[in-house]
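Visitor: This structure is in structure tokens; I'll ask about it shortly.
Here, each number is a calculation from the coordinates, and none is a lab measurement. Just so it is clear, the model here is predicted, and its values are computed rather than measured. In this analysis, Cβ positions are derived from the backbone assuming ideal geometry, glycine residues included, and neighbour counts consider all displayed protein chains.
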Amino acid sequence: MHNVTLIKGDGIGPSIMDEAVKVIDASGVKIHWEEAYAGMAAFEKFGTPLPDETMASIDKTRLAFKGPLTTGVGGTGFRSINVALRQKYDLYANVRPAKSWPGVKTRYEDVDIVIVRENTEGLYAGLEHYLTPKKDIAESLAVVTRTGSERIIEYAFQYARDNQRKKVTVCHKANILKYSQGLFLDVAREIAPKYPDIQYDEKIIDAACMHMVMNPHQFDVVVCTNMFGDILSDLTAGLVGGLGLIPGANIGKDAALFEAVHGSAPDIAGKNLANPTAVIMAGVMLLHHLGEHDAADRVQKAVEKVVNEGVFVTPDINPQSQAGTVEMGNAIVAALQ
Ligand code: NAD
């Protein structure tokens, strides 16, 4: 029996997480889901977006499976709980694979890109303030450390080697941000020669976005600092069929958290329209992490069958489809059995 902290999240979170848990349980792997709360759901229930009970659960399980959490925009509301969890458990590597699905119509076929995003520092280090009482000057600090850069760039190369990938591209802005981005690039150039079996490339982030849209096939594993990784992973989602399809793993030395790349999608919450694929594929990453490779492969095949057939899928995949979140989850369970 594995113990995993389950945070269903906000907006579409509970509905897609219910389908994901149903599918993972149907794989036969025994998981004790320890339900905990975070984000708006926690705020409403406990008066805080990150209750002590939730951290006590993750302290114990060191593993979380999480739905999206709503974070207010701008200076109002609480700080991102996603960022807080990544920093608290030092989940420094955010791995976000974007792979084409033969049954999902997009501009390109055979895209297969893994974004490895530094997850604890950069512009999301949380160091922000106003410089004047009138709040008319604001400052956000981008923190890049040698240690933080070394471990994420090593992670990207090692990931490439372990997963039979051929190339690592570092995306940066070292031409303008000569210190913070310059340090990240220097570290990449130092580490790359240690992996002669992996091709090394570097691209300035703005040009990288253009190249990714014009010819995504030149990218394999991409490594970058926090905010660039955040943006690039939505871009890669767009290349393979949208945010409903992309999972993410937040990996630290002794803890891990699995979730979708997408957010709580308030525009479609409560309408049975949300695609559960991204969180189910995050569940596949969780199963691999638990060493349950056979179950992970079976769940992945079941998801691929349903998505590629395009019948019992949510409208973001097939606008003609009458199926919703629940029907898609049921179809995946049926394919699994
Ligand atoms: P979003 O990812 O929630 O939605 C962007 C668009 O994609 C919307 O049109 C939405 O309907 C669509 N979409 C997202 N997931 C989908 C799914 N599973 N199936 C079908 N369509 C889907 O981004 P947003 O609207 O910018 O953010 C909403 C909230 O989510 C914000 O509070 C934001 O801070 C938060 N957020 C949380 C996480 C996280 O918890 N890891 C990640 C990103 C955003």
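Visitor: Set the bar at 24 Å for Cα to Cα. Now go through 22/66; 8/167; 66/88; 166/194; 194/253 and name every pair that lies beyond it. Display every interim value, and only then the final one.
Guide: Values: 22/66 14 Å; 8/167 35 Å; 66/88 15 Å; 166/194 14 Å; 194/253 21 Å.
Among 22/66; 8/167; 66/88; 166/194; 194/253, the Cα-Cα distance tops 24 Å for 8/167.
Visitor: Now a separate question. Using a 4.7 Å Cβ cut-off, which Cys residues in the chain lack a partner cysteine?
Guide: Unpaired cysteines in the chain: 209.
Visitor: Further question: What does the charge count near residue 282 come to, summing +1 for each Lys or Arg and -1 for each Asp or Glu among other residues with Cβ under 11 Å from its Cβ? Let's see the in-between values first.
Guide: Details: positive: 66, 96; negative: 259.
Neighbourhood net charge equals +1.
Visitor: A further question follows. Extending each Cα 7 Å along its Cβ direction at residue 134 and residue 218, get the distance between those two points in nm, one decimal.
Guide: 4.7
Visitor: Can you tally the net charge around residue 103? Count Lys and Arg as +1, Asp and Glu as -1, for every other residue whose Cβ sits under 11 Å from the Cβ of residue 103.
Guide: Working: positive: 105, 305; negative: 304, 309.
Computed value for this residue: 0.
Visitor: If packing is taken as the average number of other Cβ atoms within 10 Å across a peptide's residues, how do 294-304, 44-54, 256-266 rank, most packed first?
Guide: Details: 294-304: 18.8, 44-54: 15.1, 256-266: 23.2.
Descending mean neighbour count gives 256-266, 294-304, 44-54.
Visitor: Using just the helices of the chain, give the 222 nm mean residue ellipticity in deg cm²/dmol: DSSP H runs with n ≥ 4 each add -39,500 (n - 2.57), and the total is spread over all residues, rounded to 500. Could you put the intermediate results ahead of the total?
Guide: Working: 11 runs with 135 residues, N = 337.
Value at 222 nm, helices only: -12500 deg cm²/dmol.
Visitor: Where Lys and Arg each count +1 and Asp and Glu each count -1, what net charge lies around residue 49 among other residues with Cβ under 15 Å from its Cβ? Mind showing how you got there, number by number?
Guide: Details: positive: 8, 45, 66, 79, 86, 88; negative: 10, 44, 52, 53.
So the surrounding residues net to +2.
Visitor: While we're on this one: With +1 on each Lys and Arg Cβ and -1 on each Asp and Glu Cβ, and nothing else charged, work out how big the dipole of the chain is about its Cα centre, in Debye to the nearest 20. Show your work: numbers first, answer last.
Guide: Values: 33 positive and 41 negative charges, 64 e Å.
For the chain, the charge dipole is close to 300 debye.
Visitor: If the cut-off is a Cα-Cα distance under 14 Å, which aspartates and glutamates reach residue 301, setting aside same-chain residues fewer than 8 apart in sequence?
Guide: Result set, ordered by chain and number: 309.
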